[in-house]
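The values are calculated or read from the model by the stated rules, or taken from the named source; none is laboratory data. Note that the coordinates shown come from a computational prediction; the quantities given were computed from them, not determined experimentally. Using ideal geometry, Cβ is built from the backbone for each residue, glycine included, and neighbour counts are taken over all protein chains shown.
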Amino acid sequence: MFEVLLYSIATFFLMEPIVWIIHRYVMHGFLWVLHKDHHQKYPNVGLEKNDLFVLFFASASIISIYFGFEKHNNLFMGFGFGLFLYGIAYFFMHDILSHRRMKFIKTPKNFYFISVIKAHKQHHKHREKDKGECFGFVYLFPIKYYKSSFRN
């Protein structure tokens, strides 16, 4: 079971650069048609086409966990649980803190959370497909947002 925990943690941390690439080159690339509505309104209300990406990652997580249990494969299980954990972090950081899609949690006054929110707001200043920055969700965004939030 220790292997599953290690694979889960590794997957969680490796998901951020993978999702950065997907966000930059797929969501702001050939699948902009699904992501565009996410940049058209801020803050977001209700479901968007962009939410289909969540279904993709959730399906990958569920399938990996299922096959991991079914085949007694720790790598698949760990990958699935790591995806699940990243999905929870993404949901919290992106949907709850940054976009305030659910307002049941007050924004923490911690420099890290403030950094994430500032970086994501900067990302949403650009409404076009090709212009943008700050494609990370959990920790991969320019250091200047950490620094500016730490000083405040």
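Taking segment 1-33 as the range and being farther than 16 Å from Phe76 by Cβ and buried (at least 17 other Cβ atoms within 10 Å of the Cβ) as the test, the residues that pass are Glu16, Val19, Trp20, Ile22, His23, Met27, His28.
Annotation: Met102 fulfils all but one of (1) assigned to a helix (DSSP H, G or I); (2) over 15 Å from the mean Cα position of the chain (by Cα); the unmet one is (1).
For segment 57-99, the set of residues classified as hydrophobic (A, V, I, L, M, F, W, C) and within 20 Å of His123 (Cβ to Cβ) consists of Phe57, Ala89, Phe91, Phe92, Met93, Ile96, Leu97, listed by residue number. Scanning segment 114-123 for residues that are under 21 Å from Ile22 (Cβ atoms), crowded, with 18+ Cβ neighbours inside 10 Å and of a type outside the set (A, V, I, L, M, F, W, C) gives His120, His123.
Quick grid of which residues meet (1) among the β-branched types (Val, Ile, Thr); (2) surrounded by fewer than 18 Cβ atoms within 10 Å (Cβ to Cβ); (3) in contact (Cβ under 8 Å) with a residue 24 or more places away in the chain:
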site	(1), (2), (3)
Leu55	no, yes, no
Tyr66	no, yes, no
Asn74	no, yes, yes
Leu83	no, no, yes
Arg101	no, yes, yes
Tyr112	no, yes, yes
Lys125	no, yes, no
Cys134	no, no, no
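Only one entry of Ile96, Ile88, Ile62 meets the criterion of being in contact with a helix residue (DSSP H, G or I) (Cβ under 9 Å, 6 or more places away or on another chain) and aliphatic (A, V, I, L, M), and that entry is Ile62. Scanning segment 109-152 for residues that are farther than 25 Å from Tyr25 by Cβ and either modelled with pLDDT of 80 or more or assigned to a helix (DSSP H, G or I) (or both) gives Lys109, Asn110, Phe111, Tyr112, Phe113, Ile114, Lys147, Ser148, Ser149, Phe150, Arg151.
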